[in-house]
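The values are calculated or read from the model by the stated rules, or taken from the named source; none is laboratory data. If you're wondering where the values come from, they're calculated on a predicted model, not measured in any experiment. We place every Cβ from the backbone using ideal geometry, glycine too, and count neighbours over all the protein chains shown.
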Amino acid sequence: MSIYGWLAPRGPSGYGYGSTAEQVTAGLDLTGKSFLVTGCTSGLGAEAMRVLGLRGARVLGTARTVEKAQEACGDGRGALGLSCELSDPASVRACAQAVKQAGVRLDGIICNAGVMAYPELRTHHGYEAQFFSNHIGHFILVTHLLDLLVEQGRVVMLSSSAHFMAPKVGIEFDNLDGKKSYNSWKAYGQSKLANLLFAKELSRRFQGSRRTANAVHPGVINTGLQRHMNPVLAGTMTLMGPVALKNVAQGAATEVYAATHPGLADVSGKYFANCNVAQSSPSSHDAALAQKLWTVSEEIVSRVLA
């Protein structure tokens with residue numbers, strides 16, 4: 001635990017910066033419940049899957065290949081490893097179909113996987129890679145799995161405080177391919193804002209049911225997600241680790257908290273950080289922007305899955 005983790009105060013939930021995934025689930029019995037976690041092979045996804053299994057849940061873990069997913073799932077309690085390459089729409093759809101064929105009803109979907117800060121512009125299917133993998137890939141997966149979500153099921157989207165770095169307009173619908181301009185952190189921020197807006201709009205669409213959708217900021221953790229950072233920034237993060245960064249156990253806490261805590265059964269459309277409701281950017285509260293993103297995302301999906 002970092003120095004700041006020891007000193008940081010806890011919030012209204014009773015948890016805070018230094019809380020771990022095991023601590024926020026202490027005493028919970030998740031036997032009989034099933035959760036799907038994307039990006040299960042390392043980092044936050046692996047820890048979330050481990051702790052959910054520790055509490056008795058069955059976990060479906062996804063990775064870029066079925067071999068990696070199955071290896072990560074190992075001997076977990078009924079764990080199921082599935083291939084889900086978020087940059088490949090056909091792979092995402094096949095993953096959803098595999099879940100349906102397994103006959104699993106989902107109590108929660110934790111959209112944990114992602115890519116960050118490609119230094120140079122990359123595209124998938126004609127769209128900027130971070131927007132496509134982080135948002136469109138998860139959009140396809142979640143919307144294809146909604147029929148399997150139980151009445152009180154939860155969707156948890158990993159956003160980030162980096163969503164504050166998104167363009168001033170929020171989502172640059174006229175530059176989704178990144179060709180007009182590209183900045184690695186602005187593009188990452190846009191993808192994380194898209195994750196948050198998706199959770200907001202999904203929550204609105206859940207109204208009238210007991211289902212919920214929330215977004216979380218896991219904190220700053222030195223994981224494999226930083227592999228595309230420039231060496232100076234990556235080195236700075238390594239040096240800052242003992243002082244201020246979260247470890248993986250702490251980083252996974254907020255997503256697991258949002259997916260499982262009994263006190264959040266009717267909490268939806270919120271943004272969490274450090275296991276407490278947190279302030280998000282003005283763009284994240286723009287309902288019209290969220291609805292437009294949903295519509296544009298549906299149009300993109302219809303093209304890439306045609």
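Results, tabulated for the structure shown:
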read-out	value
Long-range neighbours under 8 Å by Cβ, at least six apart or interchain, first residue outside any strand (DSSP E or B) within segment 206-222, second surrounded by 22 or more Cβ atoms within 10 Å (Cβ to Cβ) and of a type in the set (Ser, Thr, Tyr)	PHE206/THR212; PRO218/SER160; PRO218/THR254; GLY219/TYR17; GLY219/THR254
Out of ALA69, ALA63, ALA57, sole residue that is small (Gly, Ala, Ser), surrounded by 17 or more Cβ atoms within 10 Å (Cβ to Cβ) and either at pLDDT below 95 or in contact with a Gly (Cβ under 6 Å, 6 or more places away or on another chain) (or both)	ALA69
Residues of segment 248-263 classified as farther than 14 Å from VAL155 by Cα and either in a helix (DSSP H, G or I) or without any contact (Cβ under 8 Å) to a residue 60 or more places away in the chain (or both), total	7
Residue tally, condition touching a Lys or Arg at 6+ places or on another chain (Cβ under 9 Å) and buried (at least 24 other Cβ atoms within 10 Å of the Cβ), over segment 40-54	2
Residue count, segment 161-175 (criterion: of a type in the set (Val, Ile, Thr) and either at pLDDT below 95 or not in a loop (DSSP other than H, G, I, E, B) (or both))	0
Complete set of residues in segment 264-281 that are outside any loop (DSSP other than H, G, I, E, B), farther than 15 Å from GLY108 by Cβ and over 15 Å from the mean Cα position of the chain (by Cα)	ASN276, VAL277
One residue from ALA113, ALA117 being outside any helix (DSSP H, G or I), modelled with pLDDT under 95 and closer than 20 Å to LEU193 by Cβ	ALA117
Filter result for SER284 (of a type in the set (Ser, Thr, Tyr) and within 20 Å of the chain's Cα centre (by Cα))	yes
